[in-house]
Amino acid sequence: MIKKVLKFGGTSVGTIERIQHVANIIKNEYDNGNQIIAIVSAMSGKTNELIKFSKNISANFDKRELDVLLSSGEQVTCALLAGALLELKLNAKSWLNWQIPILTEGDHSNARIINMNVSQINDFLKKGIAVVPGFQGISERGDITTIGRGGSDATAVAFAKLFDAETCEIYTDVDGVYSSDPNKIPVAKKIDKISYDEMLELSSLGAKVMQSSAVQTAMMYNIPLEVKSTFTNRKGTKIFDQHGIDYSKSVTGVAYSKDDAKITLIGVEDKPGVAANIFEPLEKVQINVDMVIQNISSIEKKTDITFTIKRDDLEKTKKILEENNKIKYQDITYNDKVAKVSIVGAGMVSTPGVTYKMFKGLADKKINILAISTSEIKLSVIIDENNTLDAVKKLHTIFDLD
Ligand code: ADP
Ligand code: ASP
Ligand code: MG
């Protein structure tokens, strides 16, 4: 008997018919003799709709109440799926976060699962199917928490770890992880196997098919994942450690996101301590600075400093910079119409010329690079938002991924 965690995303449970279809997938697995914990997302679009409701009440809607509100989306699908399984004459039962309980730590909207009581569900698995809402938990104080957008993936991984499940399968609306978003780049190819490292880079850089913190936990505890389709029987993508993965290609995938904003301080004094004075107050309020570029100093010892932050932090950053009297500059520009386009591949380490090839490809398309950042297995550039898909397509082609 194999213990399986099966997670179904928003589109997979987006209508009553789809929930019934999911119930049949689970029935099949259960009839094959497996123990099943099913984790569900809210119906697609529901979480966004609830966020909109909260914004209609207040731009600063209370964070505790927001988590109570958002967790309701998964509660609905959890009960509907358990009901659909009962209709199939299976023994099934739903549990809510506080009933298990799923313990979390950290801020509202951004909590992390740290533990849960497994005994009740483990007992039940001997005779039936457990259905659990993704994306949520409960704090030490007993408040409902949510664990970040796309967080049902992280719930699935946490369950796989704490219940010692043999498999953790992520059912979604595409049949695996592709070399780029298959809904935007039709020539993208499905990847059969991918390492945690590469998947982590791809998801942190915009491939939302897996939530990045879920991949991080899976990597930390060596939990193999499989991403597969709810709607077809095609083989999915296996995510595991690097062993047995072919790195003959330098680049495995191209990801993009529109989550960043670029700031340039023009005419900053070029002397020691200036950069520290700019970034210290940002660090204090945990604004994460991603890329930094400093131009060569002019004769008058003035320079320009460009950096990128998360777009959501732009207003806060503007205020902090404008109130910072430790720094002097001639002008400041903000640009939130930018995109980050990245190539990711463990094979990059051993292939010379990848950087040149990427820059040349963008130059051929007359796409201007506004900032650059690199790590061993990724190379990201910031470009004008309007050029995003052109850049992704070009890079996809020149790195032989089409
Ligand atoms: P779910 O609701 O099942 O969690 P998501 O919408 O979070 O599904 O993730 C699936 C979506 O991720 C796909 O529909 C696809 O558009 C997008 N996506 C982005 N990059 C990739 C990629 N490299 N491979 C596959 N899907 C991707
Ligand atoms: N419903 C949540 C969201 O839309 C969590 C999830 O779907 O994974 O972000
Ligand atoms: Mg998702």
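Each value in this text was obtained by applying a stated rule to the coordinates, not by laboratory testing. This is a predicted model, so every value here is computed, not measured. Ideal geometry is used to build each Cβ from the backbone, glycine not excepted, and the neighbour counts take in all protein chains shown.
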*Folded to 0 to 90 degrees: helix 314-323 orientation relative to the chain principal axis, Cα*: 40
*Residue farthest toward the positive end of the dipole of region 28-146, with Cβ of Lys/Arg at +1 and Asp/Glu at -1: which of L103, F124, F61?*
F124
*Could you work out how far apart the two model spin labels at S229 and N28 are, taking each label as a point 7 Å from the Cα in the direction of the beta carbon, and quote it in nm?*
1.2
*Mind computing the radius of gyration and Dmax over the alpha-carbon atoms of the chain? Å is fine for both.*
23.2, 81
*Restricting to the chain, what percent of DSSP beta bridges are antiparallel, rounded to 5?*
60
*State, to one decimal in nm², a quarter of the convex hull surface area for the C-alpha atoms of region 1-111, i.e. the direction-averaged projected area.*
7.7
*Beyond 30 Å between alpha-carbons counts as too far, so tell me which of K235/K310; K238/K284; K316/K366; K4/K193; K93/K184 fall in that bin.*
K235/K310; K238/K284; K316/K366; K93/K184
*Taking Cα atoms, how many degrees apart are the long axis of helix 63-87 and the longest axis of the chain, rounded to 10 and kept between 0 and 90?*
40
*Would you kindly work out the equivalent ellipsoid of region 12-67 from its C-alpha gyration tensor and give its semi-axes, the square roots of five times the eigenvalues, largest first in whole Å?*
34, 13, 5
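Among the listed pairs K127/K228; K189/K394; K190/K249; K7/K89, give every one whose C-alpha distance is greater than 19 Å. Don't skip to the end; give the middle numbers.
On the way: K127/K228 27 Å; K189/K394 15 Å; K190/K249 14 Å; K7/K89 21 Å.
Those over the limit are K127/K228; K7/K89.
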*Give me the angle, in degrees from 0 to 90, between the Cα long axis of helix 274-284 and the longest principal axis of the Cα atoms of the chain, rounded to the nearest 10.*
20
*Point-to-point label distance, K360-S298, nm (Cα→Cβ direction, 7 Å offset)*: 3.5
*Note down the Stokes-Einstein diffusion coefficient of region 152-211 in µm²/s, whole number, using a Kirkwood radius over alpha carbon pairs, 4 °C, and 1.567 mPa s.*
103
_Mean shadow area of region 68-144, taken as a quarter of the surface of its Cα convex hull (nm²)_ = 4.9
